[in-house]
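For reference, the structure is listed below as structure tokens.
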Amino acid sequence: MVVYLVGAGPGDPDLVTLKAIKTLQKADVVVYDRLANEEILKYASGAGMIYVGKRAGAHSKKQEEINQILIEQGKKHDVVVRLKGGDPFVFGRGGEEILALQDEGIAVEVVPGVTSAIGVPTTVGLPVTHRGVATSFTVVTGHEDPTKKERQVQWNYNADTIVILMGVGHLEENINEIRKYKDPQTPVCVIEKGTTPDERIVIGTLDNITKKHINPPALVIIGPVVDVFEDIRNNRPEDSV
């Protein structure tokens, strides 16, 4: 009786870890979020499937309901996989699920995944750190839980690079906050649908990025590493992929 919290990676099914695949192959049931590529589910072809993700910004299940599903399935089956996009602990509420399962005496193991915060910029050739340019980076949610009494995100980060996840819906609001602390000409890169065939890159600055047409899902990278990325792109051979 084990529940595995498994990271599915940033979208490209080739970026799923070998351990994640092996865990899916032995699953009795898979409780999964909305994934960038549901082809990953093929590795658990013999398992039951329970969808608990969200579509069009609307959660199909509340977190408390998801916790209860995991508890119920964990008591009925030998191997339950809770499959999450990215990494279970990067805005995936994996910690909340572990605590709920442990309260019921159910064993939990975590299989890390490639978080989109690093995997997506790396895939396109954007280094979130670069010698002489950026020695630190921070990852922040662009969409806080609306039921919280107070906002935790303050935006006055001193990190050289800021990576915003789930921030397109509140992009203008978030950028306006960051502009209080950073030069409006600070470069910005938005990557839509990263690591997938529909990937799209938008370059701008804090001053103009909100005027560009941007669609979710996307992540936002802010800082001088975006200029490094532009140099890398401009120096690529014409026949490079």
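Would you be able to say whether some residue in segment 107-119 is of a type in the set (Asp, Glu), at pLDDT 95 or above and closer than 20 Å to residue 220 by Cβ? Scanning segment 107-119, I find no residue that is of a type in the set (Asp, Glu), at pLDDT 95 or above and closer than 20 Å to residue 220 by Cβ, so the answer is no.
For beta carbons closer than 7 Å, sequence separation of 6+ or different chains, a first residue in segment 76-105 that is in contact (Cβ under 8 Å) with a residue 12 or more places away in the chain and farther than 26 Å from residue 139 by Cα and a second that is open to solvent by 90 Å² or more (accessible area, probe 1.4 Å) and in a loop (DSSP other than H, G, I, E, B), the qualifying pairs are 78/1; 79/26. Only one entry in 35, 15, 5 is within 21 Å of residue 198 (Cα to Cα), in contact with a strand residue (DSSP E or B) (Cβ under 6 Å, 6 or more places away or on another chain), surrounded by 15 or more Cβ atoms within 10 Å (Cβ to Cβ) and touching a residue at least 40 places away in the same chain (Cβ under 8 Å), namely 15. Run residue 168 past the list (1) of a type in the set (Val, Ile, Thr); (2) open to solvent by 20 Å² or more (accessible area, probe 1.4 Å); (3) modelled with pLDDT of 95 or more; (4) within 28 Å of residue 62 (Cβ to Cβ) and report the number of the one that doesn't hold. So the condition that residue 168 fails would be (3).
Selection over segment 123-152 of residues that are modelled with pLDDT under 85 and either open to solvent by 70 Å² or more (accessible area, probe 1.4 Å) or in contact with a strand residue (DSSP E or B) (Cβ under 7 Å, 6 or more places away or on another chain) (or both) gives a count of 8.
Looking only at segment 207-228, which residues are among the charged types (D, E, K, R) and closer than 22 Å to residue 196 by Cβ? 212 - this is the single residue of segment 207-228 that is among the charged types (D, E, K, R) and closer than 22 Å to residue 196 by Cβ. If you go through segment 126-143 one residue at a time, do you hit one that is under 19 Å from the mean Cα position of the chain (by Cα), outside any loop (DSSP other than H, G, I, E, B), among the polar types (S, T, N, Q) and over 19 Å from residue 175 (Cβ atoms)? Looking for residues that are under 19 Å from the mean Cα position of the chain (by Cα), outside any loop (DSSP other than H, G, I, E, B), among the polar types (S, T, N, Q) and over 19 Å from residue 175 (Cβ atoms), one finds none in segment 126-143, hence no.
Taken over segment 177-206, the criterion of being under 30 Å from residue 39 (Cα atoms) and in contact with a Lys or Arg (Cβ under 7 Å, 6 or more places away or on another chain) is satisfied by 192, 193, 199, 200, 202. Against the numbered list (1) part of a helix (DSSP H, G or I); (2) of a type outside the set (Phe, Trp, Tyr); (3) without any contact (Cβ under 8 Å) to a residue 12 or more places away in the chain, residue 61 comes up short only at (1). Within segment 78-106, the set of residues being out of contact with any Gly (no Cβ under 7 Å at 6 or more places or on another chain) and open to solvent by less than 10 Å² (accessible area, probe 1.4 Å) comprises 81, 82, 83, 94, 97.
Across segment 212-230, the qualifying residues are those that are β-branched (Val, Ile, Thr) and closer than 20 Å to residue 166 by Cβ, and the one among them that is most open to solvent (accessible area, probe 1.4 Å) is 214. Quick one: what pairs do we get from segment 188-200, first residue in contact (Cβ under 8 Å) with a residue 24 or more places away in the chain and of a type in the set (Lys, Arg), second assigned to a strand (DSSP E or B) and surrounded by fewer than 17 Cβ atoms within 10 Å (Cβ to Cβ), C-beta under 9 Å, 6+ apart or different chains? Within 9 Å, the pairs are 193/200. There is no residue in segment 29-45 that is modelled with pLDDT of 95 or more, in contact with an Asp or Glu (Cβ under 7 Å, 6 or more places away or on another chain) and either outside any loop (DSSP other than H, G, I, E, B) or within 11 Å of residue 81 (Cβ to Cβ) (or both).
The values are calculated or read from the model by the stated rules, or taken from the named source; none is laboratory data. None of these values were measured; they are calculated from a predicted model. Glycine also receives a Cβ, built like all others from the backbone with ideal geometry; neighbour counts cover every protein chain displayed. With ligands, DNA and RNA removed, areas are computed over all heavy atoms of the protein, side chains included. Shrake-Rupley method; radii C 1.70, N 1.55, O 1.52, S 1.80 Å.
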